[in-house]
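The structure appears right after this line, and notes come after that.
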Amino acid sequence: MSSKDEVRNASNQFYAALNRMVNGDAKSLSKIWSHGKDASTLHPIGGRQVGWKNVRESWEQVSHLASNGNVVLEDQFVHTHGDVAYEIGVEHGSFMLNGKEISIRARVTNIYEKEGGNWKIIHHHTDIDPSMVEVLNQMKPS
């Protein structure tokens, strides 16, 4: 299997785990993510998380509010260079967030690194999604 095919397989695992997360269960993201101090994410709700503990907690927080979801990656482009790879594409889908339906269409960049012979995601970055930010802002106490 080529490196690009291996990264596509890792991407499929990430999006399967992401779909479980938008249905309330973030646990399976742990299998595909790097657990290192350099793991990071820039979510569509804003903010930046660095280090596996912070990344994991951010996914868990969203999973507690998410349900009935489906997210797919389209227009995927993968580039590999040694033990590092990235993919770009467009995520689209919908899910319930705190009881409100959200539709997404966002550009995405995912960076992978080979750890112990397996490709792990080390960074996930999507565009800010104003509808998600609005739902979360409505939850904040006045």
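Take every Cα pair under 8 Å whose residues are at least 6 apart in sequence, average their separation, divide by the length of the range 3-139, and the relative contact order is 25 percent.
When the chain is modelled as a GNM with alpha-carbon springs shorter than 10 Å, which of ASP25, ASP127, ASP83 fluctuates the most? So, out of ASP25, ASP127, ASP83, the one fluctuating most is ASP83.
The order of TRP119, TRP33, going from fewest to most other C-beta atoms within 10 Å of their C-beta, is TRP33, TRP119.
Nearest 5 is fine: what % of DSSP beta bridges in the range 3-139 come out antiparallel, could you say? Once the DSSP bridges in the range 3-139 are tallied, antiparallel ones form about 90 percent.
Every number in this text was worked out from the coordinates using simple rules, so none of it is lab data. Just so we're clear, the structure is a prediction, and the values are computed from it rather than from any experiment. Note: ideal-geometry Cβ built from the backbone for every residue, glycine included; neighbour counts use all protein chains shown.
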